[in-house]
Amino acid sequence: MYAIVEIAGQQFKVAKDQKVFVHRLASEEGSKVTFDNVLLLDDGKVTIGAPAIEGAAVTAKILKHLKGDKVIVFKKKRRKGYKVKNGHRQALTEIQIDSIITSGAKKAEPKKEAAKAKPKKEAPKATAKPAAKNTEKADDLKKVEGIGPKIAEIFNEAGIVTFADLANTSTDKLREILAAAGSRYASKNPDSWPKQAKMAAEGKWDELKKWQDETKGGIEK
């Protein structure tokens, strides 16, 4: 018996007890997770979802968080004296499939609503701090090379609303936020973003512009 399920923006063919590496998940090691976006089931009879199969789900256990093998990206322009070498290690999570539920699984919607309900209870405290920052200055994170409108919006929702917030956030945390937003953003490289944000937070705009002019896509020569 196997299933095709979507996990963190990727599709996997999984079976019971199988170990899979997926984009970094927000849950802690040892915790249980459920994925209800099951696209296909084969339990002797193939069932195809439209797009997902109602009542089907895949449960798994998070074994550990890790980083993938380093990928080297080298760019060179002939007769231009331009060479850029950059390395990237994808943030991953290793999970083990516990079971494949063919029907009667609880939908993820109630869990999402419950997750949203908790911040609402803490809303007076949680929103009070960002509100204070926003009234002083709502920084335009798009001034950091490599951050577009959508990524800026994702960071704002995660509580990163100023250059100082971004400068004080680790690259591992930034990758975790991007991975949670989907595979489209998980491939982005945030290594230089805190450095750029620090210069912006300190008002070193000339220094930031010079640094950006001497780099390509936020990657240092």
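For the reader, a short list of remarks on this structure follows.
- At an R0 of 30 angstrom, the distance between the Cβ atoms of D140 and S27 translates into a FRET efficiency of 0.40.
- Qualifying aspartates and glutamates (Cα of each under 14 Å from Cα of K210; at least 8 residues distant if same chain): E145, E220
- Cross-link table K19/K45; K61/K198; K77/K142; K13/K83; K64/K106; K75/K209, entries beyond 30 Å C-alpha to C-alpha: K61/K198; K13/K83
- As a rough guide to protection, the peptides 80-89, 203-212 ranked by mean Cβ packing within 10 Å, highest first, stand as 203-212, 80-89.
- Summarising the label geometry, the points placed 7 Å from Cα in the beta-carbon direction at K75 and E214 lie 1.8 nm from one another.
- Bins of 5 Å from zero: percent of alpha-carbon pairs in region 2-103: 3, 12, 20, 17, 13, 9, 7, 6, 5, 4, 3, 1, 0
We did not get these values from a lab; they are worked out from the coordinates using the rules stated. Just so we're clear, the structure is a prediction, and the values are computed from it rather than from any experiment. Please note: Cβ atoms are built from the backbone with ideal geometry, for glycine as well, and neighbour counts cover all protein chains shown.
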